[in-house]
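S.K.: This is the structure I have questions about; it appears just below.
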């Protein structure tokens with residue numbers, strides 16, 4: 001009886017660990033998909049649309065004109081993104097200038113017309129069950 005209980009408990013723990021890992025993978029996949037979609041909007045030159053789809057935190061941190069001007073300046077310097085791939089993903093709870101919360105830093109390595117390796121960084125915040133862009137930059 002003791003052995004059966006031990007085997008059952010071990011199996012349950014393994015099942016729980018596997019499901020938690022799978023959930024976090026899906027969580028990250030949703031976040032990366034959000035970041036890629038946002039980057040595509042920027043790639044298409046729809047900076048005002050990107051701004052309107054971003055987190056309220058981004059809109060509190062800067063006006064639409066400030067955001068558009070910043071992204072336009074970065075794109076003029078580096079040129080359009082020709083290719084990007086996911087380089088890093090990091091979950092954090094504290095980010096400078098923003099309230100504490102559930103954040104994910106998504107970093108892409110991008111090749112642009114004028115720069116072989118640019119760092120494209122998209123900060124996401126999890127709010128009301130969805131990931132929203134809280135900050136964007138490419139350098």
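S.K.: Report the label-to-label distance for residue 94 and residue 64 in nanometres (one decimal), using points 7 Å from each Cα along the Cα→Cβ vector.
M.R.: For residue 94 paired with residue 64, the spin-label model returns 3.5 nm.
S.K.: Separate question: Please state the relative contact order of region 52-139 as a whole percent: Cα pairs under 8 Å, 6+ residues apart?
M.R.: 28
S.K.: Sticking with this structure for a sec: Sorting check: for 111-124, 67-80, which peptide has the highest mean count of neighbouring beta carbons within 10 Å, and how do the rest follow?
M.R.: Per-residue mean Cβ counts within 10 Å order the peptides as 111-124, 67-80.
Values quoted throughout were computed directly from the atomic coordinates according to the rules given, and no laboratory measurement underlies them. Bear in mind that the values here come from a model prediction, so they are computed numbers and not experimental data. For neighbour counting, all protein chains shown are included, and Cβ atoms are generated from backbone atoms with ideal geometry for every residue, glycine included.
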